[in-house]
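The structure under discussion appears below in the form of structure tokens.
Every number in this text was worked out from the coordinates using simple rules, so none of it is lab data. What you see is a predicted model, and the numbers here were worked out from it, not measured in a lab.
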Amino acid sequence: MSVIKKTLFDSEDIRSFSIRIAESFDEDANAVVLCDDVISACGKMKDEMFQLIVSSPPYNIGKSYEKQVGFEQYLDWQSQVAAELVRLLTPRGSLVWQVGNFVDNGEVFPLDMYFYPIYKKLGLQLRNRIVWHFDHGLHASKRFSGRYETSK
Ligand SMILES: C[S@@+](CC[C@H](N)C(=O)[O-])C[C@H]1O[C@@H](n2cnc3c(N)ncnc32)[C@H](O)[C@@H]1O
């Protein structure tokens with residue numbers, strides 16, 4: 001387990017503290033950092049382990065960290081991820097799911113619209129829809145430029 005020593009404030013009055021970071025689950029660690037495929041990593045975790053899960057999955061838009069597949073195949077894969085995340089949540093736990101748009105040949109597919117029924121079917125209730133508006137990004141030439149993403 002690696003240990004990072006941190007000082008909370010630049011004041012001698014306040015003691016420095018250590019953060020213990022583990023690479024596998026360890027009850028003595030403050031944090032666990034895993035580098036693994038999401039389905040494989042979730043498969044190693046017990047039911048109802050987390051009160052809060054925050055996730056920003058790939059959007060299937062051909063970024064360097066993902067393999068682009070057909071939209072239906074992408075949704076099938078993400079449905080498996082969703083089922084795993086709901087299994088890992090406590091009954092009163094919360095999931096924050098951050099997504100943007102999948103775009104195919106100029107057609108926009110707002111991912112939160114597709115994920116809403118998936119999570120609803122798994123028993124989650126929508127509490128908030130947070131819209132992140134930003135000014136940067138690629139300029140579209142045949143539609144308004146995409147300048148938002150959502151979290152649910
Ligand atoms: C939309 S990005 C999220 C970026 C993140 N919100 C951030 O600010 O860095 C999607 C992330 O999912 C990761 N990812 C892609 N396929 C994955 C897989 N099969 N298992 C686990 N993570 C994966 C990518 O490496 C990437 O960091």
Degrees, to the nearest 10: 71-88 long Cα axis against longest axis of the chain:
30
Let me have the 222 nm mean residue ellipticity of the chain computed from DSSP H runs of 4+ only, each contributing -39500 (n - 2.57), with the sum over all residues rounded to the nearest 500.
-7000 deg cm²/dmol
In degrees between 0 and 90, to the nearest 10, how far off the longest principal axis of the chain does helix 111-121 point, with axes built from Cα atoms?
70
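Translational diffusion coefficient of the chain at 10 °C, 1.306 mPa s, Stokes-Einstein with Kirkwood Rh over Cα pairs, in µm²/s as a whole number.
Translational D for this selection: 87 µm²/s.
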Antiparallel versus total DSSP beta bridges in the chain: what percent is that, nearest 5?
70
